[in-house]
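The values are calculated or read from the model by the stated rules, or taken from the named source; none is laboratory data. Because the structure is a prediction, the values reported are computed rather than measured. All Cβ positions, glycine included, derive from the backbone under ideal geometry; neighbour counts span all protein chains shown.
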Amino acid sequence: MNRSKILGIVFFVVAIGFAVWLLSTMGARSGGATAMGFIILVLLPAAIGAYIFINGGKEEKEMKKVEIEQKILNAVETRGTVKVNQLIVETGLTRDTFRDYLEDLVGKGLFTGYVDWKGGKLVSSDMAKMDMHKCPNCGAPLELAGKGVVRCPYCGTEIFLK
């Protein structure tokens, strides 16, 4: 559990403590003072705790995504060529989610190389050595498929550019 979630739980505990304290001393206080105390001492910490706890969950998901993307990059950089199915198993992603993560890495300018979806391989490429007019997989002429992506019309290989 990350620090944000723990801090959110601490705020909840404080709110519960104040609620118990207010309820135990309620007989000695007037209604207006008790209501104001309840709002300040119970509802405010509870709302802050909920906000921090929810954002902590979002932060945790984002960190998990960064870890998986780093794992993909490390695998390709160290091995040069990696089987897509092997990376999918290693990361615990579905094929579609893996593709989304890969496109995110390309969009961030962190991955260059190519993916051969039919052959099931992901290849890191030194762009200086690569002929951008021919497919590195089958040698056919290439065509632009989108920003930062060139697709081979013959074998379907996608080459990601920085």
Handout entry: Residues located in region 67-125, provided they are on the phi > 0 side of the Ramachandran plot and either aliphatic (A, V, I, L, M) or under 17 Å from the mean Cα position of the chain (by Cα) (or both)
Key = Gly92, Gly109
Exercise for the section: Quickly run through region 107-126 and pick out the residues that are surrounded by fewer than 18 Cβ atoms within 10 Å (Cβ to Cβ) and among the charged types (D, E, K, R). Expected result: Lys108, Lys118, Asp126
Problem - Filter result (at pLDDT 75 or above, assigned to a loop (DSSP other than H, G, I, E, B) and surrounded by fewer than 14 Cβ atoms within 10 Å (Cβ to Cβ)) within region 141-153 - result: Pro153
Exercise for the section: Give region 76-99 a look and list any residue that's touching a residue at least 12 places away in the same chain (Cβ under 8 Å), β-branched (Val, Ile, Thr) and closer than 13 Å to Gly120 by Cβ, or say none. Expected result: Thr81, Val82, Val84
Exercise for the section: May I ask you to list pairs of residues, at least six apart or on different chains, whose Cβ atoms are under 7 Å apart, with the first in region 148-162 being closer than 11 Å to Lys134 by Cα and the second being surrounded by 17 or more Cβ atoms within 10 Å (Cβ to Cβ) and modelled with pLDDT under 80? Expected result: Val150/Leu161
Problem - Filter result (at pLDDT 75 or above and touching a Phe, Trp or Tyr at 6+ places or on another chain (Cβ under 7 Å)) within region 1-40 - result: Lys5, Gly8, Ile9
